[in-house]
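Before any comments, here is the structure.
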Amino acid sequence: MEHQHKEHSLLAEEFNANEPRVNWHDETLWWVRQKRDKMAWTIPEWEDLREAASRIKHNVLGNLHDYLLEFEKNAQANGAVVHWAADAAEHNKIVLQLLQEQGVKRMVKSKSMLTEECHLNPYLAEHGIEVIDTDLGERIVQLAKEPPSHIVLPCIHKKKEEIGELFHEHLGTPAGNADPKFLTAAARQHLRAEFIQSRVAITGVNFAVAETGEMVVCTNEGNADMGAHLADVHIACMGIEKIIPQRKHLGVFLRLLARSATGQPITTYSSHFRAPKKGQQLHIVLVDNGRSRQLGREDFRNSLKCIRCGACMNTCPVYRRSGGHSYHNAIAGPIGAILAPNLDMKEYADLPFASTLCGSCSNVCPVKIDIHQQLYKWRQVITREGYTKKTKAAGMHAMNIVLSKPGLYKTAGGIGRWVMRTFPAVVNNGLNPWFRQREMPEPPKESFADWYKKNRKQ
Amino acid sequence: MKVGLFIPCYIDQFYPQVGIATLSLLEKLGCDVVYPQGQTCCGQPMANSGFEHLTHGCNELFVDHFEGLDYIVGPSGSCVLHIKDHLHVEGKEQAATHIRQRIYELAEFLTDVLKVDHLKAKFPHKVGIHQSCHGQRGLGLAQMSELVAAPFSKPQRLLQMVEGLELVELKRTDECCGFGGTFCVFEEAVSVKMGKDRIADHVNNGAEYITGNDVSCLMHLEGILRRQKSDVKVLHIAEILNSSI
Ligand code: SF4
């Protein structure tokens, strides 16, 4: 199978070459998972809250068309301009055009996974426009010329010393200074200058309320407000699934989001944007980019309930030990693995297999997406569509022939204790990947079936 | 009560002692156990790899072997869950449904059906429980650490009935060991790292034995332990519950 990228297993193997770093990455994220647990336990009705959120989103997905039109109508009445984009390319074009109308060459953007998904930054760079990411974590990975490795904690793969070096190089902080407080202050200084000069600000959207036409953006740094309030033009980019029916539903989601994400009771800023200030423009870009297609896939529809809290990543034992970049997709981890195949099944055929199906993700998910079951179902779809490696398919067929014929199974087992031979053989790379770091089980003298024949009356 | 003994393929081939312990434990507890010969596999290795469409051969065999029994019991949470979730056979749907509803993992059979409240087992050692994910999150053998819900654990309750056995506390009570079926070879690096981390948690907390309800996970952990030349051993829960009754 040819991919533009190395597959998850290979990238994960590279990540694992440095075991102490894997330990650090794992512990850091596990700590976030524990903070989430503590916060969840402060709310006795936590599980009911998840259920409520899941059902509200269920209603949204069932009536998306109507809610979107309601939202558009109300947003327009508030004075916003609403744009519709069928895919990433159209989204990027709309944004570019708005920027060109303003004649800007440099502008600020607060965190938005949607613009990552659409690869907006490189697109604008090609057209001579520089985007300054103002979320601290995103700015750090931007300076490092890397994609974010986590949807909530974009630079979680970076140690503070590495950030110190980056800042020394790009922002002129003293060499060797890795004090988080100092570095944050330096970043703040640097970003202030950008905020003040920026005439356009792009933000993401966490929730868009159909009833009022308003949007809510959640940040811990206030950078969305800062950008949007100082600029003449505010462009808010959102996936069409971000809709919620009414303002009162915000109570459910805001209580869940930050607790699930970072173990905070609420994000520091939950900024409501409803109408443009006098003399300001507010543009809202509603983006589909595969979402209607996913909505039409019954088994995978629920993935659109996602509120991008990142809890499924923090809890995922595979994510913690393979790093966000191993998923070679804007959205990593379990949720990325069920969203990505919808965008490009061939390119992301490896992702649904990058899981043990342990199910922890589905349990932490604040909107109760059946993530691990969707991973299982994607495996079936990907295999049926022919995106599995040929060697693996051959191995599976061989295994099936043995397993569905008791006579064959007995001989195969007796001769070679076939399980261990069949499993590793399907990889077919000349090495036995079981044996590299593990011993094989010692083959017993007789199988259970043989023992039973001798020891129990038939 | 007629109980059909389901011994998954890798237990049959590599860990017959687990099958033997399960059988004798059930017999000691008064069950009329039959072991349908010719059984092979639940089909999970193929299904989890994306080849569920190949499993009807296994499914048909399974129904042929296990239809018409009061209960089906197997010492593997993962295989039992697979049957519960995925066993369907055209033309034999009624039998398949009966099996799906009547199949139990050993520990849940002991607690929920036989309602065992004491055992005459003795095992004077420090033991850590490895909660296999499919048994725990799939079958509900124990409460899951992610949920805000009252704790319980069926395997723990049973092990607490064993004389002399001391359970060790783990830092992460229900993290996956990284076996994951074919994941263990296709994602070798992460799989082994997960296994090593699980083992370290048990070892750091003084376990002499690691036990659990799934031989597949234990086989993976044992493989790493033996490579590390560790003294820590793995035992299936049936072997402990069956020890010197
Ligand atoms: S899938 Fe659920 S847990 Fe994962 S990011 Fe989305 S909302 Fe959060």
For this session: Those residues that are open to solvent by less than 20 Å² (accessible area, probe 1.4 Å) and not polar (S, T, N, Q), I need them from the range A:114-142; list them, please.
Result: A:Leu114, A:Cys118, A:Leu120, A:Leu124, A:Ile129, A:Val131, A:Ile132, A:Asp133, A:Gly137, A:Glu138, A:Ile140, A:Val141
Exercise. Only one of (1) in a helix (DSSP H, G or I); (2) assigned by TED's automatic domain parsing to the domain that holds A:Leu120 is not met by A:Gly79, so which one is it?
Worked result: (1)
Seminar exercise, completed: Screening A:Ser326, A:Ser303 for residues that are near the ligand (Cβ under 9 Å from one of its atoms), open to solvent by less than 10 Å² (accessible area, probe 1.4 Å) and under 13 Å from the mean Cα position of the chain (by Cα) leaves only A:Ser303
Problem set entry | Failed condition for B:His53, given (1) within 13 Å of chain A (Cβ to nearest Cβ); (2) touching a residue at least 24 places away in the same chain (Cβ under 8 Å) | (2)
Exercise. Would you pick out the residues in the range A:444-455 that are assigned to a loop (DSSP other than H, G, I, E, B) and either hydrophobic (A, V, I, L, M, F, W, C) or within 7 Å of another protein chain (Cβ to nearest Cβ) (or both)?
Worked result: A:Pro444, A:Glu446, A:Ser447
Exercise. Is it true that B:Leu23 is out of contact with any helix residue (DSSP H, G or I) (no Cβ under 6 Å at 6 or more places or on another chain), outside any strand (DSSP E or B) and crowded, with 24+ Cβ neighbours inside 10 Å?
Worked result: yes
Exercise. Among the residues of the range B:102-118, is there at least one that is of a type in the set (A, V, I, L, M, F, W, C), within 14 Å of chain A (Cβ to nearest Cβ) and assigned to a strand (DSSP E or B)?
Worked result: no
For this session: Select from the range B:183-229 the residues that are within 11 Å of another protein chain (Cβ to nearest Cβ) and outside any helix (DSSP H, G or I) and list them in ascending order.
Result: B:Glu187, B:Gln228, B:Lys229
For this session: Answer yes or no: is there a residue in the range A:313-320 that is in the same structural domain as A:Trp30 (by TED's automatic domain parsing), more than 16 Å from the ligand (Cβ to nearest atom), assigned to a loop (DSSP other than H, G, I, E, B) and modelled with pLDDT of 95 or more.
Result: no
Exercise. Taking the condition open to solvent by less than 10 Å² (accessible area, probe 1.4 Å), among the aliphatic types (A, V, I, L, M) and near the ligand (Cβ under 10 Å from one of its atoms), does A:Val367 pass?
Worked result: yes
Exercise. Any residue in the range A:151-164 that is assigned to a loop (DSSP other than H, G, I, E, B), among the hydrophobic types (A, V, I, L, M, F, W, C) and open to solvent by 50 Å² or more (accessible area, probe 1.4 Å)?
Worked result: no
Exercise. If we scan the range A:258-270, do we find a residue that is in contact with a Phe, Trp or Tyr (Cβ under 9 Å, 6 or more places away or on another chain) and among the charged types (D, E, K, R)?
Worked result: yes
Exercise. Which numbered condition trips up B:Glu166, out of (1) modelled with pLDDT under 95; (2) surrounded by fewer than 24 Cβ atoms within 10 Å (Cβ to Cβ); (3) of a type in the set (D, E, K, R)?
Worked result: (1)
Problem set entry | Breaking point among (1) crowded, with 24+ Cβ neighbours inside 10 Å; (2) facing chain A (nearest Cβ under 7 Å), for B:Gly38 | (1)
Exercise. Counting only residues that are outside any helix (DSSP H, G or I) and within 14 Å of the ligand (Cβ to nearest atom), which one in the range A:329-357 is farthest from A:His5 (Cα to Cα)?
Worked result: A:Ser355
Problem set entry | Condition met for B:Gly180 (within 7 Å of chain A (Cβ to nearest Cβ) and open to solvent by 10 Å² or more (accessible area, probe 1.4 Å)) | yes
Exercise. Going by the structure shown, is A:Glu70 of a type in the set (Asp, Glu) and closer than 30 Å to A:Arg293 by Cα?
Worked result: yes
Problem set entry | Verdict on B:His65 being open to solvent by 20 Å² or more (accessible area, probe 1.4 Å) and in a helix (DSSP H, G or I) | yes
Problem set entry | Any hit, the range A:285-297, residues being buried (at least 24 other Cβ atoms within 10 Å of the Cβ) and within 14 Å of chain B (Cβ to nearest Cβ) | no
Exercise. Looking at this structure, is B:Thr173 polar (S, T, N, Q) and in a loop (DSSP other than H, G, I, E, B)?
Worked result: yes
For this session: Please work out if A:Ala398 is surrounded by fewer than 23 Cβ atoms within 10 Å (Cβ to Cβ) and either away from the ligand (no atom under 13 Å from the Cβ) or modelled with pLDDT of 85 or more (or both).
Result: yes
Exercise. Quick one: how many residues across the range A:227-271 are more than 20 Å from A:Glu45 (Cβ to Cβ), open to solvent by 10 Å² or more (accessible area, probe 1.4 Å) and part of a helix (DSSP H, G or I)?
Worked result: 6
Exercise. Which condition number in (1) within 10 Å of the ligand (Cβ to nearest atom); (2) out of contact with any Cys (no Cβ under 9 Å at 6 or more places or on another chain) is the one that A:Leu295 fails?
Worked result: (1)
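The values are calculated or read from the model by the stated rules, or taken from the named source; none is laboratory data. Everything numeric in this text was worked out from a predicted model, so none of it was measured. Because the Cβ atoms are built from the backbone with ideal geometry, glycine has one as well, and the counts that use them run over all protein chains shown. When the accessible area is computed, the model is the full protein with side chains, heavy atoms only, and any ligands, DNA or RNA have been set aside. Shrake-Rupley method; radii C 1.70, N 1.55, O 1.52, S 1.80 Å.
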